[in-house]
């Protein structure tokens, strides 16, 4: 289980550019939850994932992952528990290293690692089997440098690498946003398969409301650093895109009305 308790994060605090990115957020995530995360630009979606990953220290609040208080853990230490796939296919891999070298690095996540003549025959066999499952022919290109791959191939490889060692939490930060629709569909199908096969606790940011409804067992909507909707089970299955839009416009309207009252 993951528990965020009253987490608050400001950026540029005390300056004219001050932003309240997380506003006293509390959230409990059960083992095996697949949560889709939606919200407008600046709502706090990526900040929420960055807080879990340890990209910065919170101003207030705490984060607990499976009975471990990780609030003060730096990002490299949390990497033992957390895997992440970013929007940019260029992130998450080393372009100058080969496919098998990248996979070997991923296999050693959280351990002492480096490049050299250290890939074992058994590991190479495993990499080949795992690559076969994604159906892109990369098992025949294990000596190719990752920088030669297309964006879709690279993102599929990144998904595979992120889960070679089963993480406590998988964070997907708009991981299909930079891909064409056909490739995005393939990566989403791969995501669904990997998450289901390993029963991974997952948070997936998306701007596509249809995907937010279709994928996962739970949906949360953020607005101005707060969770304004948290729905799962039958409630999520009954959701429509119109429902989500109405919720967003209602909250946005309330915020505008409150701002107007402050100015009068």
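The values are calculated or read from the model by the stated rules, or taken from the named source; none is laboratory data. In this text, all values refer to a predicted model and were calculated from it rather than measured experimentally. When we count neighbours, we look across all protein chains shown, and the Cβ atoms used for this are built from the backbone with ideal geometry, even at glycine.
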Seminar exercise, completed: Wholly inside the stretch 56-169, helices (runs of 4 or more DSSP H) that include 1 or more residues that are modelled with pLDDT of 90 or more, under 21 Å from the mean Cα position of the chain (by Cα) and closer than 25 Å to residue 28 by Cα are 75-78, 151-162
For this session: Of the numbered conditions (1) modelled with pLDDT of 95 or more; (2) over 19 Å from the mean Cα position of the chain (by Cα), residue 13 fails exactly one; give the number of that condition.
Result: (1)
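Confirm whether residue 26 is touching a residue at least 12 places away in the same chain (Cβ under 8 Å), in contact with a strand residue (DSSP E or B) (Cβ under 9 Å, 6 or more places away or on another chain) and under 28 Å from residue 245 (Cβ atoms). Can you show your working first?
Values: touching a residue at least 12 places away in the same chain (Cβ under 8 Å): yes; in contact with a strand residue (DSSP E or B) (Cβ under 9 Å, 6 or more places away or on another chain): yes; under 28 Å from residue 245 (Cβ atoms): yes.
Judged against the criteria, residue 26 is a match.
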For this session: Tell me which residues, restricted to the stretch 1-54, are within 22 Å of residue 232 (Cα to Cα), in contact with a helix residue (DSSP H, G or I) (Cβ under 6 Å, 6 or more places away or on another chain) and assigned to a loop (DSSP other than H, G, I, E, B).
Result: 39
For this session: Can you run down the residue pairs with Cβ atoms below 7 Å, 6 or more apart or on separate chains, where the first is in the stretch 56-78 and over 17 Å from residue 168 (Cβ atoms) and the partner is modelled with pLDDT of 95 or more and assigned to a loop (DSSP other than H, G, I, E, B)?
Result: 58/71
